[in-house]
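Report on one structure; see the data block that follows.
The values are calculated or read from the model by the stated rules, or taken from the named source; none is laboratory data. A quick note: this is a predicted structure, and the numbers were derived from the prediction, not measured. Glycine also receives a Cβ, built like all others from the backbone with ideal geometry; neighbour counts cover every protein chain displayed. Just so you know, the surface numbers come from the protein's heavy atoms only, side chains and all, with ligands and any DNA or RNA stripped out. Shrake-Rupley method; radii C 1.70, N 1.55, O 1.52, S 1.80 Å.
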Amino acid sequence: MLTGREQETAFLENHYKRTGSQILVVYGQRGVGKTALLTSFTEKKQTLRYSAGNCSSREQQYLWGRELRSRGKEIAEYPSWRELLECMTIQKGETTADKKVLIIENFQYLLKGDTLFLQELIRFLKEKKEALLVILTTYASGWVENSMISKVGNLAFSVSGFLKVKELPFSAMRKIFSDYTVQESISLYAALGGLPGLWRLLYPQNSAEENLIRLLLQRNSFLPELMIKWLSEESRETAVYDTILATLADGRHGKLNDMYAHTGFSRAKISVYLKNLMELELVEKVLPGTYEICNAFVRFYFCFLFPHQTSERTEGSTFYEKYIREEYNDFQLLTYRRICQEVLQGRFRTVELWNSRQGKIYFLCREDTGRKIVVDYSGTVCYTSKDYDVLQASMKREHVTVDSILIFSENGYEKTLTEGTVQILVHSVDENS
């Protein structure tokens, strides 16, 4: 079983074991591990696959039919959806009683023009005697969550379940790459996020810094170009999206008014594009009126590569020294906050973000008993007495009272911290890995 995918695997197995045929929609952003999950799930099952292309229905039917003929099947040059499904799933002289799995990748392209394919699929499954588990996959998460139901209408009632494959947590990276230090793992997670499709490109024998340089900073690195391709496929006005993402990556313009002042775009236009970026799972609203890039790979690109496109990247280590090394600890802090939030959500009843007037973000948590805890995650390197003084000043200025203070620190803390009247606890994100 894949590390970190136990719940997703159980979900798929549960539907596979059900009586009769089912349709599942499995979706998640590119690189999140949908293919690896389904490959593991179908390892000992009879599996049929088809990957749809972005073309008209007639061209889709032609291409699918041609693919089946290349496998020795007999089918018309321009088959109907019904003919394709029958040819795909029915084998002459077949005696196996095991349920088959039919995986159709990028299924959103099959519904681009109309819903006829889905209608035919539902009708086919109702009339077919043998049980079949149909898994429809797509990277278009925003489309599934915001547009699919209105597109297919009542046909959605024939879908047995929806499974969103989310990014793997930091704890999964720690298990998979156990030879790395916590700090190295944080460095990698800050650039690659929880996307195992990117993790598999790592050379475990190399340091985190060497991997980042090889994958992202060399002139012939394909990942930055892949990022440009992804964004251009998803957006018609790439220049507007790039401007907004670059503005957010700057770190000083996360509020709507700040973006308006910096970009010159109208507030209404920015709001529309932010909504689209949130549907693409690239941006999220973390506090009222405050936005951040939530995709680590995108954030790295717009923080370090996009602003320095004219700089020579032939020698990646030189680029790293010039533009990244001094800034990387600050860059990692947002990722560290997300990792800490992952730990806190498994421990406390409620976990909220608190934005102080100084612009510093902390966590406010409550236990089931009602005890209130403030959490400071400033200690990616070492938690200092200065960090503690800033926290105390913020709490006093905004009249925040708590029962305990929890400090996340991966490299210790200064022993001069004064406890005062509340309990101070120190925690590492690796203690829950």
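Of the GluC sites (Glu not before Pro) found in region 1-105, those in coil by DSSP whose Cβ has at most 10 other Cβ atoms within 10 Å are Glu43, Glu74, Glu77.
Please pull out the direction-averaged projected area of region 247-302, using the convex hull of its alpha-carbon atoms, in nm² to one decimal place. Walk me through the intermediate numbers first.
Values: hull surface 13.9 nm².
Mean shadow area of the hull around the Cα atoms is 3.5 nm².
Which net charge results when you count Lys and Arg as +1 and Asp and Glu as -1 among the other residues whose beta-carbon is under 15 Å from that of His399? Don't jump to the answer; show the numbers that get you there.
On the way: positive: Arg357, Lys372, Lys396, Arg397; negative: Glu398.
So the environment of His399 carries a net charge of +3.
Shape call for region 180-230 from the C-alpha gyration tensor, a ≥ b ≥ c root eigenvalues: rounded (a/c under 1.5), prolate (a/b greater than b/c) or oblate? Taking the square roots of the gyration eigenvalues as a ≥ b ≥ c, region 180-230 is prolate.
With a cut-off of 8 Å between alpha carbons and a minimum separation of six or more residues, what is the relative contact order of region 279-410 in percent? Present the calculation step by step, with values, prior to reporting the outcome.
Details: 135 pairs, mean separation 21.6, N = 132.
Relative CO of region 279-410 lands at 16 percent.
Distance between Cα centroids, region 217-263 to region 264-289: provide it in whole Å. Rounded to whole Å, the Cα centres lie 12 Å apart. Shown for region 272-351: the carbon plus sulfur share of the solvent-accessible area, taken with all protein chains present and a 1.4 angstrom probe, equals 47%. Binning the alpha carbon pair distances of region 299-386 at 5 angstrom intervals from zero yields the distribution 3, 12, 17, 18, 14, 12, 9, 7, 4, 2, 1, 0, expressed in whole percent.
From the square roots a ≥ b ≥ c of the eigenvalues of the alpha-carbon gyration tensor of region 1-120, which class results: rounded (a/c under 1.5), prolate (a/b over b/c), or oblate? Taking the square roots of the gyration eigenvalues as a ≥ b ≥ c, region 1-120 is oblate.
Summing charges over neighbours of Ile270, with a neighbour being any other residue whose Cβ is under 14 Å away from its Cβ, gives +2 when K and R count +1 and D and E count -1. For region 95-152, with all protein chains present and a 1.4 Å probe, just round the carbon and sulfur fraction of the accessible area to a whole percent. Of the solvent-accessible surface of region 95-152, carbon and sulfur hold 46 percent.
Run through every distinct alpha carbon pair of region 128-264 and return the Kirkwood hydrodynamic radius in angstroms, one decimal place. Don't jump to the answer; show the numbers that get you there.
Numbers: mean 1/r = 0.0532 Å⁻¹.
One decimal place: 18.8 Å for the Kirkwood radius.
For region 97-206, the relative contact order works out to 24 percent when only alpha carbon pairs closer than 8 Å and six or more residues apart are counted.
Taking region 82-155, how much of its Cα-Cα pair set, in percent, is spaced more than 18 angstrom apart? That fraction is 44 percent. Across region 216-269, Cα-Cα distances exceeding 14 Å account for 60% of all pairs. Spatially, region 337-402 and region 14-43 are offset by 38 Å when compared through their Cα centroids.
Evaluate the chain: find the radius of gyration of its Cα atoms, find its Kirkwood radius, and give the ratio Rg to Rh. Show your work: numbers first, answer last.
Details: Rg = 25.0 Å, Rh = 24.5 Å.
Ratio value, two decimals: 1.02.
From its DSSP helices (H runs of at least four residues, each -39,500 (n - 2.57)), the chain gives a residue-normalised ellipticity at 222 nm of -12000 deg cm²/dmol. Normalised Debye scattering of region 47-171 at q = 0.22 Å⁻¹ gives log10 I(q)/I(0) of -1.50, counting only Cα atoms as equal scatterers and leaving out solvent. Using the Cβ of Asp258 as centre and a radius below 10 Å, the other residues enclosed give a net charge of +1, where K and R count +1 and D and E count -1.
Heavy-atom accessible surface of the chain, averaged per residue, reaches 49 Å², computed with a 1.4 Å probe. Spacing of the modelled spin labels on Glu210 and Ser160, each 7 Å from Cα toward Cβ, amounts to 4.7 nm.
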